[in-house]
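The values are calculated or read from the model by the stated rules, or taken from the named source; none is laboratory data. Small disclaimer: the values here were computed from a predicted structure and weren't measured. Cβ coordinates were reconstructed from backbone atoms using ideal geometry, including for glycine residues, and neighbour counts include every protein chain displayed. The protein model used for the area step is the full one, side chains on, heavy atoms only, and it has no ligands, DNA or RNA in it. Shrake-Rupley method; radii C 1.70, N 1.55, O 1.52, S 1.80 Å.
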Amino acid sequence: MSRALTRHVAQIRAALLSGDAQAALARIDDLTRSAARQGVAPDARETLEPALAELRDLAQAALQGAQQAAEQVRAIVQAARSLQTYDSRGRRHVTTTQANLPQRF
């Protein structure tokens with residue numbers, strides 16, 4: 001594999017591991033442009049495929065982690081918006097409150 005392709009793959013991997021989606025996408029675009037411009041030799045393709053498979057696995061794991069985090073935030077917001085009380089018989093009552101939704105500025 002050429003030095004340029006190796007460098008691009010390493011940069012993509014580093015961006016994925018650091019959680020920087022924008023940098024990962026930019027490096028993927030760089031890799032695509034470089035491969036289209038210079039071409040990929042058949043022997044380089046054989047060594048590039050395992051590296052790309054690893055990047056796919058890292059990207060999939062990052063996506064799953066982001067989805068889990070979003071689900072946890074939704075659960076936290078829902079818990080913050082509800083009030084749970086128990087009566088004298090131990091039955092739970094859930095009352096929705098009028099808590100403000102989080103705002104982004």
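Structure values in brief
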{"read-out": "Selection count where residues are out of contact with any helix residue (DSSP H, G or I) (no Cβ under 6 Å at 6 or more places or on another chain) and part of a helix (DSSP H, G or I), scope the range 29-47", "value": "13"}
{"read-out": "Single residue of the range 1-34 satisfying the filter (among the hydroxyl-bearing types (Ser, Thr, Tyr) and surrounded by fewer than 14 Cβ atoms within 10 Å (Cβ to Cβ)) that is nearest to residue 57 (Cα to Cα)", "value": "18"}
{"read-out": "Test: residue in the range 42-64 that is of a type in the set (Lys, Arg) and open to solvent by less than 90 Å² (accessible area, probe 1.4 Å)", "value": "no"}
{"read-out": "In the range 44-65, the residues that are under 13 Å from residue 10 (Cα atoms) and of a type in the set (Asp, Glu)", "value": "54"}
{"read-out": "Test result for residue 23, of a type in the set (A, V, I, L, M, F, W, C) and under 14 Å from residue 3 (Cα atoms)", "value": "no"}
